[in-house]
């Protein structure tokens, strides 16, 4: 089981960024769906690890 080698886990996600190089606007649904999926994954998987520290969320821009 992966938790044997990695007893402590972090997740990472984003709340904004370009969807492609010439994008002027972001698809916010894309980021919301991804963040919600990480929350669901945390809930489903956290008991397999000694510690689920949290989710790091970044927001990149150019």
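Nothing in this text is a laboratory measurement; each read-out follows from the coordinates by a stated rule. Here the structure is a predicted model, which means the values were calculated and not measured. Positions of Cβ are backbone-derived with ideal geometry, glycine not excepted, and every protein chain shown enters the neighbour counts.
Determine the gain in length on full extension of the stretch residue 49-residue 20; use 0.36 nm per residue of separation and subtract their C-alpha separation, reporting nm with one decimal. Working shown, then result.
Working: separation 29, 0.36 × 29 = 10.44 nm, distance 3.52 nm.
6.9 nm is the gain from fully extending residue 49 to residue 20.
Could you tell me how many cubic angstrom of Cα convex hull volume the chain has per residue? Provide the component values of the computation, followed by the final result.
Numbers: hull volume 5.8 nm³, N = 62.
Spread over its residues, the Cα hull of the chain gives 93 Å³ apiece.
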(request) Rank the residues 3, 12, 22 as a footprinting-exposure proxy: fewest other Cβ atoms within 10 Å of their Cβ go first. (result) 22, 12, 3
(request) Rank these for me by crowding, 42, 51, going from fewest to most other beta carbons within 10 Å. (result) 51, 42
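Determine, for 31, 25, the number of other Cβ atoms within 10 Å of each Cβ, and report the residues in order from fewest to most.
Numbers: 31 18, 25 7.
Listing 31, 25 from fewest to most nearby Cβ atoms yields 25, 31.
May I ask you to derive the relative contact order of the chain, considering only C-alpha pairs under 8 Å and at least 6 residues apart, and to give it as an integer percent? Before the final figure, lay out the partial values.
Numbers: 70 pairs, mean separation 34.4, N = 62.
After rounding, I find 56 percent.
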(request) Set the Förster radius R0 to 35 Å, insert the Cβ-Cβ distance between residue 33 and residue 5 as r into 1/(1 + (r/R0)^6), and round the FRET efficiency to 0.05. (result) 0.75
